[in-house]
1. Looking only at residues that are aromatic (F, W, Y) and at pLDDT 85 or above in region 347-384, which one is farthest from the chain's Cα centre (by Cα)?
2. Among the residues of region 48-68, count how many are at pLDDT below 70 and assigned to a helix (DSSP H, G or I).
3. Since K204 meets every condition but one in (1) within 29 Å of Y368 (Cα to Cα); (2) assigned to a loop (DSSP other than H, G, I, E, B); (3) of a type in the set (D, E, K, R), which condition does it not meet?
4. Would you mention how many residues in region 85-119 are free of Cβ contacts under 8 Å to residues at least 24 places away in the same chain and either crowded, with 19+ Cβ neighbours inside 10 Å or touching a helix residue (DSSP H, G or I) at 6+ places or on another chain (Cβ under 9 Å) (or both)?
5. Return the total of residues in region 158-178 being without any contact (Cβ under 8 Å) to a residue 24 or more places away in the chain and touching a Cys at 6+ places or on another chain (Cβ under 8 Å).
6. Looking at region 122-170, what strands (runs of 3 or more DSSP E) fall wholly within it and have at least 2 residues that are within 30 Å of D317 (Cβ to Cβ) and of a type in the set (A, V, I, L, M, F, W, C)?
7. How many residues does region 302-328 hold that are at pLDDT 85 or above and of a type in the set (D, E, K, R)?
8. May I ask you to list the residues in region 358-371 that are surrounded by fewer than 16 Cβ atoms within 10 Å (Cβ to Cβ) and in contact (Cβ under 8 Å) with a residue 40 or more places away in the chain?
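The values are calculated or read from the model by the stated rules, or taken from the named source; none is laboratory data. Every value quoted in this text rests on a predicted model; they were computed, and no experiment measured them. Quick reminder, even Gly has a Cβ in these numbers, built from the backbone with ideal geometry, and neighbours come from all protein chains shown.
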Amino acid sequence: MKENIKINLVKMMSIFYAIISVISLQPYFVWNNKYAVYAISFLCMVFFFVLIKMSETKVDVKDLLIIIIYVVLIYFNASIDNLKVLFGLLFLQIPIIVYLLGNDELKTNTYKYFVILFAISLIPGMIIFVFNLFGIDFPYTLIKPLNELKGGYYKCYYVAVVYAANVTKYGSILFTRMCGIYDEPGVAGTICGLILIIEKLDIKKSFANKVLLIAGLLSFSMAFYILLLFNILINKKFKLLAFIVVVLTILNFSPFNKQYGLFDKILFDRVKITNFKLSGDNRSSAQLDYAYNRFLKGDMITILTGKGQGYVKDHVDGGGSSSYKILILERGMIFFLLYLFLIALLYYKNTNNLKNYYIYLAILLSIYQRPDVFILAYIVLIVGGTRSNSESDTKTIEGVEKKDNKNILVKQESKLKLTPN
């Protein structure tokens, strides 16, 4: 009875955590709902105490060490000296802290449910993308963007959003980059790319993986294409590489590209190398690059401790960049090194096979252009994703060993039958 309660609680909490992992990526319906985050934090705390009380879940000492480092990073991240504000920030971080304190089953199952829910969240956007290509649009309302600096409006279809400024019309055809329910195609593309790396680009494994591959391609996210190339090389999926090269070649020579330069603009021109820099690397501004280079030539204390949170937005480029340079410039080298150490620690604790080091490298690649991984979805990918990947490797090895043992027994039995009495 108690065991059944434990299983049901873990399953229920895993699904709940998968849902709030999707919400942590800030889909359009939470853009103007600040209080939802507080409600989620409170529910996570209640769930956790119920789980501990009813299932006798034990907290790992190593997890507590990770939590301590995480809390220290929150303090550095906020650059605050007000305990009341610090406790408020910690309350908002409860979903991540509770997840890190959860048992192994919770961590792995949350990742698996998250993959399914995230894939489902992209399907309506993919359908709208295809219909738009045929000149068919659906009723929508206009909503303001999540980032005020972006300006303009989003077309909200209730099951997906499209940034109106990104819509290009060619006759009756409407073309845009697919972003699902999220504010940028890069959000969808980055998460798709990371999940497919964790899944070892096994497209045949599940319907969700097929959706993630197609959605990533339709996002035309530079991050996705870089992660996909990295994934193909790591897993030696050269047939898939050949297929994608053929598709891209067709797009390059298509009438849309020849006449309007459509795919040059959103993809091909962005992969050109100019002055030893990728043309599509728009995560940093000229102002940020200048400020960052000056910062590195400054005094050692400032380099170690940073200029303080909000410095880039207030004094550099108004917050129009998203780069690892912001972490170093605002919070300093001490914070940045602790940050990388925590990610390495989360990866190392949840893997049983360092051969999947590529997961850690992929996260680092992601940090280059989306530096803030202090959100639940990324933590679930690092922790639950690494565990799931390691478990699949273990099952594969065990399956091979069983098969080998079975073959040995068959050979031994054959020899015994052939041996005369």
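1. Selected residue: Y348.
2. Number satisfying all stated conditions: 8.
3. Evaluating K204 over (1) within 29 Å of Y368 (Cα to Cα); (2) assigned to a loop (DSSP other than H, G, I, E, B); (3) of a type in the set (D, E, K, R) leaves (1) as the failure.
4. 4
5. 1
6. Fully inside region 122-170 and qualifying: 141-143, 161-163.
7. The qualifying residues number 1.
8. Hit for region 358-371 is L361, nothing else.
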